[in-house]
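Structure record follows, encoded as structure tokens.
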Amino acid sequence: MGRKKKIDAAQAEATTTNETPIEPTPASQVPPEEPREKLHPGFQRRKGGGRGPVSVPGTTLADVCAGYLAHMETEGKSDGTISSYRMELKTAMAELGEETPLADLTLDRVRTYFTSKRVTKLRSGKNKSQLSIDKTRRVLRLALVWSAERGIVAKAPIPEVEPTKE
């Protein structure tokens with residue numbers, strides 16, 4: 001129940017019980033809530049109290065993919081979306097290596113994956129639709145950005161890729 005609804009409910013109850021209604025606290029007097037960071041369990045702070053993330057050593061692409069899919073579940077994404085993203089991430093892990101340490105994923109390796117046959121072609125050899133190619137790229141990009149936001153990797157290795165011509 002929102003703050004306004006609680007106040008309205010309290011005032012309505014006070015009217016029927018002859019109690020003094022509760023006066024709302026002005027927003028300027030309510031202390032703001034501190035946002036809580038969602039961090040990977042291995043997140044470390046820099047020495048000296050800095051806020052920049054430090055890469056979590058030994059984290060593999062499979063770890064990031066599993067963590068991102070679990071995050072999607074806790075965010076309430078549909079089973080269809082999670083299943084679709086799982087398929088796209090399996091493709092990425094098959095091409096890049098699921099045991100590849102995240103620290104070894106470079107812009108060039110990700111760019112090579114983004115332009116690989118697994119991303120751009122069907123099994124028959126025909127070109128995939130641009131929407132399909134973009135989705136495959138987007139899913140890996142989202143997982144890598146998610147890992148960077150949680151301090152699993154210092155910076156997500158996301159290259160700029162020109163759209164594929166059909």
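The values are calculated or read from the model by the stated rules, or taken from the named source; none is laboratory data. Note that this is a predicted model, so its numbers are computed, not measured. Neighbour counts are summed over all protein chains in view; Cβ atoms, including those assigned to glycine, are modelled from backbone coordinates with ideal geometry.
What are the pairs, 6+ residues apart or on separate chains, where a residue within segment 87-106 that is within 20 Å of residue 133 (Cα to Cα) and not assigned by TED's automatic domain parsing to the domain that holds residue 141 has its Cβ under 7 Å from a residue that is surrounded by fewer than 17 Cβ atoms within 10 Å (Cβ to Cβ) and of a type in the set (A, V, I, L, M)?
Pairs found: none.
Could you list, in sequence order, all residues of segment 100-125 that are over 18 Å from residue 137 (Cβ atoms) and not charged (D, E, K, R)?
101, 103, 124, 125 - these are the residues of segment 100-125 that are over 18 Å from residue 137 (Cβ atoms) and not charged (D, E, K, R).
Just to be sure, is residue 154 out of contact with any Phe, Trp or Tyr (no Cβ under 8 Å at 6 or more places or on another chain), within 18 Å of residue 58 (Cα to Cα), modelled with pLDDT of 90 or more and aliphatic (A, V, I, L, M)?
So residue 154 fails the test.
Would you mind stating whether residue 121 is free of Cβ contacts under 8 Å to residues at least 12 places away in the same chain and surrounded by 15 or more Cβ atoms within 10 Å (Cβ to Cβ)?
Criteria not met by residue 121.
Pick out, from segment 44-143, the helices (runs of 4 or more DSSP H) lying fully within it that include 3 or more residues that are closer than 16 Å to residue 154 by Cβ, at pLDDT 95 or above and among the β-branched types (Val, Ile, Thr).
Those helices (runs of 4 or more DSSP H) do not exist here; none qualify.
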